[in-house]
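One structure below.
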Amino acid sequence: MLRPAALYVAFDVFPRAKGSSTHIASMVQGLARRFGNVRLLCLGIAGMPAYQREGDIEIYRFTTRHRNLLRRATAFARFVASHTRQLRGTLRIAGFRDPWGGYPLLRTQPRCPTLFEVNALPSWELAYSRPAISDEPALMAKIRDIERFCLGEATSILCVSSVTRRALIGLEVDPAKITTIPNAAGDIFRQAATAPCAIPALHSGRWIGYIGGLQAWQGIDTLLDAFALVAGALPDFNLLILHGDSTRAVDLTEKRISRHDLRRRVMLHSAISHPEVAGVLKRLEFTTVPLADTPRNTVQGCCPIKLVESMAAGTPVIASDLAVCREWVTHEQNGLLVEAGDRRGWALNLHRMATDNRLRSRLAAAAAASAAEHFSWGGVHQRLDDLFLHTATH
């Protein structure tokens, strides 16, 4: 057992084929570079070891049978508290990405420098993931109190989008505490041309891609409706939807595909490993980020990992014309932007991107250059290292 100098807490299953796992790995590896031994406290599922050590990083996983979110969060908080009490006096820095782990950490380590990585606060997210909980005023008030405690007590706050930064300032968080650093794209995406493709079907025909969740706020319905409008005019093109969602979400998406009679033109494929995504991206003509115009995107904010990694791979992107995409994509320069939810506008731009070879080539080169400037592994990690050091010394 290591005596860690740094701790990271995440109410997430790790690892999984999701963007959150990519970010958790980046944070933990960054802490290890700067401080040496790191302990990660996270969730686990059946088949994952409760304890795992990878060099200077040790992982403790909490596995529970509770299906109820709040019971699971409460049990996880006790798990975190039991670890953090044992680490008093040893930690130089601790990071967390949600109040479920942050609250017990801050209560048991009140003098430890802490970094709160805010991707989504429960009070923002529950309206989408657990609407029954968000409809309980007393419960939501308690959750907001816990969030305010974490935001107020954390030494530093990290977010990936200026939209999220504005939302936090709206909650009266001190702007001086907030640092915005976008998601990073690993070197495997910059070198995607040499990566093997894990989906054999992509070797024949021409493919448009969507990589991400199937939730309503992702805008997948708009993409399918738009593709249906132009499928007849693009007989050589098929649509790949690479996702990691539940059976229910897949069923709803399959029904929409069937309604449009697109079963032979749209492939729904379950999640693959992160390195395999790079090989897939390079075999797509272009990708899509059809985010919906909802508070999940316009208030909470995000830095879509599918956009970041596609640009890094030199695969051109069509994205929704929302602030979270405009932050990184300039229309006609390094991608195309289309009004969110505008099925006809999306259809026209799908057709344009598919049929204009010169446009795709120009946007691909510009996207790769933008990614090298903003999302490179080394550049983002240097900024993270600087933030870690700043947090630990304040």
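The values are calculated or read from the model by the stated rules, or taken from the named source; none is laboratory data. These numbers were taken from a predicted model, which means no experiment stands behind them. Using ideal geometry, Cβ is built from the backbone for each residue, glycine included, and neighbour counts are taken over all protein chains shown.
The table that follows gives values for the structure above.
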read-out	value
Residue check for residue 189: within 23 Å of residue 25 (Cα to Cα) and in a helix (DSSP H, G or I)	yes
Restricting the range 31-84 to residues that are of a type in the set (Phe, Trp, Tyr) and surrounded by 12 or more Cβ atoms within 10 Å (Cβ to Cβ), the residue that is nearest to residue 136 (Cα to Cα)	76
The range 316-335 - residue that is aliphatic (A, V, I, L, M) and over 12 Å from residue 370 (Cβ atoms) and, of those, surrounded by the fewest Cβ atoms within 10 Å (Cβ to Cβ)	323
Pairs where the first residue, in the range 60-71, is modelled with pLDDT under 95 and the second is of a type in the set (S, T, N, Q), C-beta under 9 Å, 6+ apart	66/74; 69/129; 71/64
Segments classed as helices (runs of 4 or more DSSP H), wholly inside the range 117-173, with at least 2 members that are assigned by TED's automatic domain parsing to the domain that holds residue 96 and either in contact with a Phe, Trp or Tyr (Cβ under 7 Å, 6 or more places away or on another chain) or of a type in the set (Val, Ile, Thr) (or both)	137-153, 162-170
Filter result for the condition that a residue is surrounded by fewer than 18 Cβ atoms within 10 Å (Cβ to Cβ) and under 30 Å from residue 310 (Cα atoms), over 166, 144, 148	166
Residue list for the range 215-235, restricted to those being at pLDDT below 95 and not in a helix (DSSP H, G or I)	215
Test: residue 301 is in a loop (DSSP other than H, G, I, E, B), farther than 23 Å from residue 229 by Cα and out of contact with any Pro (no Cβ under 8 Å at 6 or more places or on another chain)	yes
Residue 156 under 17 Å from the mean Cα position of the chain (by Cα), surrounded by 15 or more Cβ atoms within 10 Å (Cβ to Cβ), small (Gly, Ala, Ser) and more than 20 Å from residue 68 (Cβ to Cβ)	no
Breaking point among (1) more than 25 Å from the chain's Cα centre (by Cα); (2) at pLDDT 95 or above, for residue 201	(2)
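Condition check ((1) under 26 Å from residue 282 (Cα atoms); (2) touching a helix residue (DSSP H, G or I) at 6+ places or on another chain (Cβ under 6 Å)) across all residues:
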position: 338; (1), (2): yes, yes
position: 352; (1), (2): yes, no
position: 359; (1), (2): yes, no
position: 365; (1), (2): yes, no
position: 369; (1), (2): yes, no
position: 375; (1), (2): yes, yes
position: 380; (1), (2): yes, no
position: 386; (1), (2): no, no
position: 391; (1), (2): no, no
